[in-house]
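**Q** Handing you a structure now.
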Amino acid sequence: MNELFSLAVITGILTSAIRLATPYLFAAVGEAFAQSSGVVNLGVDGIMLVGAFVAFYVTLQTGNLWLAVLAAALVGLLMGLLMSLISVTLKAEQGISGIGLYMFGLGLSSLLFKLLVGTVQTIDGFKVIKIPLLGDIPMIGEIFFQHSLPVYAAFLLVPVAWWFLEKTTWGLKIKAVGQNPAAADSLGVSVDKVRYFSVCLGSVLAGLAGASLSTALVNLFQENLTAGLGFIAVALVYFGGWKPAGILVGALLFSTVNAFQLWMQVLGVNISSDVAVMLPYLLTIAALVFATNRVRQPAALNKPFERGEN
């Protein structure tokens, strides 16, 4: 047990936490865009699964990681358009639509894996890039500055998303539609167009979250690879109060707990592996309870918009 608190292990846990935060950040920041416009997309996990498989398969066949990332983003866009059609145009209940999209993604990724691959195979994913000078700093360099490109991109996404939502016209439109779509519509803002854009952008990022998982973190694909990670990403949006900085804090918290339980198993700590695996999900429940009492969600969240209604 003492090994768990040694400097080497603590460094390893924190380094792993930074890496493991990558898919959380991509998926949760993407979901924040959708929810800020008033649409809850519970299909994030399904989009991640399809994105993860497509990125894995393209890499397996071509060895081109950038083509794999592009393919995952395209798949995310297509699934985002499907979700938008169902929940924005047809105005179906968003929760049920999202669960349906998740089941579709789960089934499609499993079917494609069985038909096209069959057995678990590994690929050559994104390599670690050590940032000059910063990567040589003892302990700090290893934790923060020796990662693959998707890891750096996920953390860069946080300030970019904040800038987009707070400082651009489109960001202000997204927030206006999420708070009061009738008022936004009266000012000439197309509520449906903004919601389509937000859901599709979030879905593209969910596809990239899946790609980061299969090409940068584990370098393989297997059925149900995400294991519910997409639902944790949705919870992180609530935990972070629909703000990228809050989502970053939550993602690091969840990834640290996940890294901690993985290291406990590696070091053979006398604790049931089932209990260890449960820790991130228990934290999800606690975070949702905490967030429910702490923040105020967008007023029009999960509410279809009908012109002429208040």
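**Q** Identify all residues within region 135-189 that are assigned to a helix (DSSP H, G or I), of a type outside the set (A, V, I, L, M, F, W, C) and touching a Phe, Trp or Tyr at 6+ places or on another chain (Cβ under 8 Å); write none if there are none.
**A** Within region 135-189, the subset assigned to a helix (DSSP H, G or I) is 135-136, 140-144, 149-167, 169-179, 181-186.
The next check asks that each one be of a type outside the set (A, V, I, L, M, F, W, C); those that pass are 135-136, 141-142, 150, 152, 159, 166-167, 169, 171, 173, 175, 178-179, 181, 185-186.
Passing the criteria: Gly135, Pro150, Gly171, Pro181, Asp185.
**Q** Another question, then. Using beta carbons and a limit of 7 Å, which pairs, at least six apart or on different chains, have the first residue in region 254-268 and closer than 14 Å to Pro23 by Cα and the second one crowded, with 19+ Cβ neighbours inside 10 Å and at pLDDT below 85?
**A** Phe254/Pro280; Phe254/Leu283; Asn258/Pro280
**Q** Cβ-Cβ distance below 8 Å, separation of 6 or more or different chains: which pairs start in region 236-253 with a residue that is surrounded by fewer than 24 Cβ atoms within 10 Å (Cβ to Cβ) and end on one that is part of a helix (DSSP H, G or I) and among the basic types (Lys, Arg)?
**A** Gly241/Arg294
**Q** Consider Phe231 carefully, then state whether it is surrounded by fewer than 20 Cβ atoms within 10 Å (Cβ to Cβ), within 30 Å of Trp66 (Cβ to Cβ), touching a Leu at 6+ places or on another chain (Cβ under 8 Å) and of a type in the set (A, V, I, L, M, F, W, C). Please lay out each step first, then the result.
**A** Numbers: surrounded by fewer than 20 Cβ atoms within 10 Å (Cβ to Cβ): yes; within 30 Å of Trp66 (Cβ to Cβ): yes; touching a Leu at 6+ places or on another chain (Cβ under 8 Å): yes; of a type in the set (A, V, I, L, M, F, W, C): yes.
Against the criterion (surrounded by fewer than 20 Cβ atoms within 10 Å (Cβ to Cβ), within 30 Å of Trp66 (Cβ to Cβ), touching a Leu at 6+ places or on another chain (Cβ under 8 Å) and of a type in the set (A, V, I, L, M, F, W, C)), Phe231 qualifies.
**Q** If we only count helices (runs of 4 or more DSSP H) wholly inside region 213-310, which ones have 3 or more residues that are modelled with pLDDT of 90 or more?
**A** On the way: elements: 229-239, 244-266, 273-294.
Filter on region 213-310 gives 229-239, 244-266.
**Q** Pick from Asp192, Asp185: which is touching a Lys or Arg at 6+ places or on another chain (Cβ under 7 Å) and of a type in the set (Asp, Glu)? Give the derivation first.
**A** Details: Asp192 fails: touching a Lys or Arg at 6+ places or on another chain (Cβ under 7 Å).
Only one candidate qualifies: Asp185.
**Q** Given the residues Ala28, Ala17, Ala55, Ala21, which is the only one that is closer than 14 Å to Ala209 by Cα, in a helix (DSSP H, G or I), in contact (Cβ under 8 Å) with a residue 40 or more places away in the chain and more than 13 Å from the chain's Cα centre (by Cα)? Write out each step before concluding.
**A** Numbers: Ala28 fails: more than 13 Å from the chain's Cα centre (by Cα); Ala17 fails: closer than 14 Å to Ala209 by Cα; Ala21 fails: more than 13 Å from the chain's Cα centre (by Cα).
None of the others qualify; the one that does is Ala55.
**Q** Filter region 81-101 for residues that are over 24 Å from Val69 (Cβ atoms), buried (at least 19 other Cβ atoms within 10 Å of the Cβ) and either β-branched (Val, Ile, Thr) or touching a residue at least 60 places away in the same chain (Cβ under 8 Å) (or both) and give the result.
**A** Ile86, Ser87, Val88, Gln94
**Q** Now a separate question. With Ala28, Ala68, Ala73, Ala17 as the choices, which residue is more than 30 Å from Trp170 (Cα to Cα), in contact with a helix residue (DSSP H, G or I) (Cβ under 9 Å, 6 or more places away or on another chain) and crowded, with 17+ Cβ neighbours inside 10 Å?
**A** Values: Ala28 fails: more than 30 Å from Trp170 (Cα to Cα); Ala68 fails: more than 30 Å from Trp170 (Cα to Cα); Ala73 fails: more than 30 Å from Trp170 (Cα to Cα).
Of the residues listed, the single one that is more than 30 Å from Trp170 (Cα to Cα), in contact with a helix residue (DSSP H, G or I) (Cβ under 9 Å, 6 or more places away or on another chain) and crowded, with 17+ Cβ neighbours inside 10 Å is Ala17.
**Q** How many residues does region 102-122 contain that are surrounded by 12 or more Cβ atoms within 10 Å (Cβ to Cβ) and either in contact with a strand residue (DSSP E or B) (Cβ under 7 Å, 6 or more places away or on another chain) or among the charged types (D, E, K, R) (or both)?
**A** Of the residues in that region, 1 qualify.
The values are calculated or read from the model by the stated rules, or taken from the named source; none is laboratory data. Because the structure is a prediction, the values reported are computed rather than measured. All Cβ positions, even for glycine, are placed from backbone atoms using ideal geometry, and neighbour counts span all protein chains on display.
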